[in-house]
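Here the structure is laid out as structure tokens; the discussion comes afterwards.
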Amino acid sequence: MKKITILIADDHKLVRQTWEFIFNRDERFQVIAECATGEEAIEISRELRPDVVIMDINLPGISGLEATLQIRKFSPGSKIIAVSMHTQPSYAKAIIRNGASGYVTKTSSREEMIKAIIEVYAGHKYICDEIKNILSDSLMNDEQQNNGVKSLSQREIQVISQIKNGASSKEIAGELHLSVKTIEVHRYNILKKLNLKNSASLVNFVSNHPELYA
């Protein structure tokens with residue numbers, strides 16, 4: 001059986017050596033090179049054409065994002081798995097747009113990394129469970145917030161409009177001719193309906209959805 005050839009690009013020597021030790025103990029894999037910079041990753045990929053490149057996003061010099069673009073140009077058969085400490089889905093989206101086939105966070109398990117290699121080598125995309133869970137939670141939260149917006153009363157929308165303008169509860173109470181206590185109740189109900197934790201998250205929500213309360 002042909003072994004899957006692997007290039008490891010990471011600026012931490014211990015990380016490279018650890019992954020090399022793990023992969024070379026598995027009869028399915030063969031680490032053919034390791035390097036510490038994006039420039040080296042591009043040159044080695046051009047020369048050796050590895051089946052899979054394990055690419056740290058935060059490399060010195062040319063970043064993993066740029067190196068991915070270059071490797072896909074010079075060694076189109078190489079599948080790239082990005083590895084990063086970043087758990088924001090935006091990082092995964094960015095490097096996959098640049099040609100990577102997978103994204104694995106540095107808190108992922110050895111088993112998940114091996115699964116990622118097998119999947120991308122077979123021609124599939126692979127996103128680690130941590131990122132998929134974050135995306136799922138985000139989508140569910142968005143749905144809850146959309147439902148919450150629909151359930152807001154006219155008075156609550158008035159309160160939110162005042163919050164958008166930076167007004168305090170006391171100022172809102174004066175503007176709407178209500179008691180401060182009533183405004184605080186409205187604020188509590190708004191947070192509950194929009195599935196938000198505190199006033200700061202409400203301000204952020206309002207800032208990101210100005211069209212709702214114009």
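Values in this text are rule-based calculations from the coordinates and carry no lab data. Treat the numbers as computed from the prediction; the structure is a model and nothing was measured. Here the Cβ is made from the backbone with ideal geometry for all residues, glycine too, and neighbour counts use every protein chain on show.
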Specify the inter-centroid distance of the range 77-91 and the range 42-60, based on alpha-carbon positions, in whole Å.
13 Å
Taking only the alpha-carbon positions of the range 66-138 and ignoring solvent, what does the Debye formula give for the base-10 log of I(q)/I(0) at q = 0.17, 0.24, 0.25 Å⁻¹?
-0.58, -1.10, -1.17
Kirkwood Rh, the chain, all Cα pairs: how many Å?
20.1 Å
Less than 17 Å apart at the alpha-carbon level, and either on another chain or at least 8 residues along: which lysines does that give for Lys93?
Lys79, Lys106, Lys125, Lys132
CD proxy, 222 nm, the chain: helix-only mean residue ellipticity via -39,500 (n - 2.57) per DSSP H run with n ≥ 4, per residue, nearest 500, stands at -17500 deg cm²/dmol
Between 0 and 90°, nearest 10: helix 199-208 axis offset from the chain longest Cα axis
80 degrees
Neighbours of Ser169 by Cβ distance under 12 Å: Lys/Arg at +1, Asp/Glu at -1, summed charge 0
Could I have the simple spin-label model distance between Leu176 and Ser153, label points 7 Å from Cα toward Cβ, reported in nm to one decimal?
0.9 nm
Can you give the longest stretch of the chain with no exposed loop site, where a site means trypsin sites (Lys or Arg not before Pro) in a DSSP loop (not H, G, I, E or B) with at most 16 other C-beta atoms within 10 Å?
29-105
Candidates His86, His177, His12: whichever shows maximal mean-square fluctuation once the chain is modelled as a Gaussian network with Cα springs under 10 Å:
His177
Full extension between Asn24 and Lys3 adds, at 0.36 nm per residue less the Cα distance, a length in nm of 6.6 nm
In degrees, nearest ten, helix 110-121 long axis to first principal axis of the chain (Cα):
70 degrees
Residues whose placed amide H lies under 5 Å from that of Ile4, excluding near-sequence neighbours:
Phe29, Gln30
